[in-house]
1. How much length is gained on full extension from Phe26 to Phe4, taking 0.36 nm per residue of separation minus their Cα-Cα distance?
2. Would you mind listing how long region 7-70 runs along its three principal axes, going by Cα atoms, in whole Å with the largest first?
3. Chymotrypsin sites (Phe, Trp or Tyr not before Pro) within the chain: which are DSSP loop residues with at most 14 other Cβ atoms inside 10 Å?
4. Let me know the longest stretch in the chain that avoids all trypsin sites (Lys or Arg not before Pro) found in a DSSP loop with at most 11 other C-beta atoms within 10 Å.
5. Could you name the lysines whose alpha carbon sits less than 27 Å from that of Lys40, not counting residues in the same chain fewer than 8 places away?
6. What angle, in degrees between 0 and 90 and rounded to the nearest 10, separates the Cα long axis of helix 31-40 from the longest principal axis of the Cα atoms of the chain?
7. Would you please give the FRET efficiency between Cys48 and Thr17, computed as 1/(1 + (r/R0)^6) with r the Cβ-Cβ distance and R0 = 25 Å, to the nearest 0.05?
8. Can you give the accessible area of Cys53, probe radius 1.4 Å, in Å² rounded to 10?
Amino acid sequence: MSTFDIYVFGINHEKATVELREKVAFNVEEIPQVLDTLKKNKNFSESCLLSTCNRSEIYVASKNNFDIQE
């Protein structure tokens, strides 16, 4: 049985200004390209993108351990 680590990268209305959230928000036209880029990354076995008016988040699953800084 394989195990995966799940990583979340994101910002929300509690941690970022409206101006910053607008810069990293994904519009409908960008989503397929972003998901395709994540899919091509050999480190990620699965990925998900969530973008609303209050937050943007990318979730990835990986068998590789990463040293991620906050």
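1. Details: separation 22, 0.36 × 22 = 7.92 nm, distance 2.60 nm.
Gain on extension, Phe26 to Phe4, equals 5.3 nm.
2. 34, 28, 13
3. Values: sites: Phe4, Tyr7, Phe9, Phe26, Phe44, Tyr59, Phe66; in loops: Phe4, Phe26, Phe44, Phe66.
Sites meeting the loop and neighbour criteria: Phe4, Phe66.
4. Values: sites that count: Lys15, Lys42, Lys63.
Between the exposed loop sites, the longest stretch runs 16-41.
5. Reachable lysines: Lys23, Lys63.
6. 20 degrees
7. Working: r = 25 Å, r/R0 = 0.99.
The pair Cys48/Thr17 has a calculated efficiency of 0.50.
8. 110 Å²
The values are calculated or read from the model by the stated rules, or taken from the named source; none is laboratory data. None of these values were measured; they are calculated from a predicted model. With ideal geometry, Cβ positions are generated from the backbone for all residues, glycine too; neighbour counts draw on all protein chains shown. Note: accessible area is taken over every heavy atom of the protein model, side chains too, but ligands, DNA and RNA are not part of it. Shrake-Rupley method; radii C 1.70, N 1.55, O 1.52, S 1.80 Å.
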